Each structure stands twice: as C-alpha cells, then as structure tokens.
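So the structure is just underneath, and the comments pick up after that.
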Amino acid sequence: QVQLVEFGGGLVQPGGSLRLSCAASGFTFSSASMSWHRQAPGKERELVAFITPTGGTTMYGDSGKGRFNISRDNTKNTVYLQMNTLKPEDTAVYYCNAVRRSGYPRYDYWGQGTQVTVSY
C-alpha cells in the first residue's frame, strides 16, 4: 500500500524556521521525483520545491527561493522541506508529492497535507 505521511507542521512566529518531513512507503522511492506543494484558503495550489530521484537537481517556486531548501534521504525513504525566515504569507496546507513520469510504472501520489501557520 502506498503511503506518504507528513510531519512537522504547526505554529511558528514570523522569521522563524520549520522543517517538514514526508515518509514514503509502498513504492520504489529512489525512482520518484518528490515535491512539496502548498495551498492557502482562497488560493490555487502552488509548487514550493521539487527534487529529482537521486537529489541531483532541485527547483523552487517563487515563494521559496532563497528561504526554503528541499532534500531527500533515499536510505530512509524520506523527503524534507527546510523553511527559514517564514512569513505570514507562508501559511498554508503543505502537501508531499511523489511522481514518476519517465520509465514505468507511472504514478502520482499525494500525502494528506500538514498545516503550517505563521503568526504571532
């Protein structure tokens, strides 16, 4: 059974930091590109960060450039999102995504989401 389980969300003050984790199981983790997306009330879901299967390439959405860092540990089947200098605008539900669009099998899995609230 495929599972993506997210940890680390919560309340943090502006300027603070938070580290999200996503533990994956039920598929070959090292074949999957991993990403973090977020969705705030009234807004569309947006890409936050992306990382290729072995971690060689990362990409960031505009919201995370210069402040966020995505990484992965394929020995632990886990992807991380380190968020620094958090702003109230970062408040959203953050989702972990596993996708394979080259090779086989193809898939697109999502976690349940974890709430991040940046506020005093």
Length gained, residue 5-residue 23, 0.36 nm per residue minus C-alpha separation, equals 6.0 nm
Carbon and sulfur atoms account, in whole percent of the 1.4 Å probe accessible area of the range 13-76, for 46
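Skip the ligands, DNA and RNA, and give the accessible area per residue of the chain with a 1.4 Å probe, whole Å².
Working: 6330 Å² over 120 residues.
Solvent-accessible surface per residue comes out at 53 Å².
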Relative contact order in percent for the chain (Cα pairs under 8 Å, 6+ apart) equals 34
Sorted on mean Cβ neighbours within 10 Å (highest first), peptides 1-9, 110-118 come out as 110-118, 1-9
From most to least accessible, 1.4 Å probe, no ligand or DNA/RNA atoms counted, 72, 38, 101, 19 line up as 101, 19, 72, 38
As straight-line cross-link partners of residue 87, the qualifying aspartates and glutamates (C-alpha separation under 15 Å, not fewer than 8 residues apart within one chain) are 62
In nm, the gap between the two label points placed 7 Å beyond Cα toward Cβ at residue 67 and residue 30 is 3.5
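Using only alpha carbons, build the gyration tensor for the chain and give me the equivalent ellipsoid semi-axes, biggest first, whole Å. It would help to have the intermediate numbers written out before the result.
On the way: eigenvalues 118, 38, 34 Å².
Listed largest to smallest, the semi-axes of the chain are 24, 14, 13 Å.
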Cα extents of the range 1-51 along the principal axes, largest first, in whole Å, come to 37, 22, 20
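Report the Stokes-Einstein translational diffusion coefficient (µm² s⁻¹, integer) for the range 42-105, Rh taken as the Kirkwood radius over Cα pairs, at 37 °C with viscosity 0.692 mPa s. Can you show the working numbers first?
Values: Rh = 13.2 Å.
The diffusion coefficient I find is 249 µm²/s.
The values are calculated or read from the model by the stated rules, or taken from the named source; none is laboratory data. Keep in mind the model is a prediction, meaning the values are calculated, not measured. Counting neighbours? That spans all protein chains shown, and the Cβs are built from the backbone with ideal geometry, glycine included. These accessible areas exclude ligands, DNA and RNA; they are computed on the full protein's heavy atoms, side chains included. Shrake-Rupley method; radii C 1.70, N 1.55, O 1.52, S 1.80 Å.
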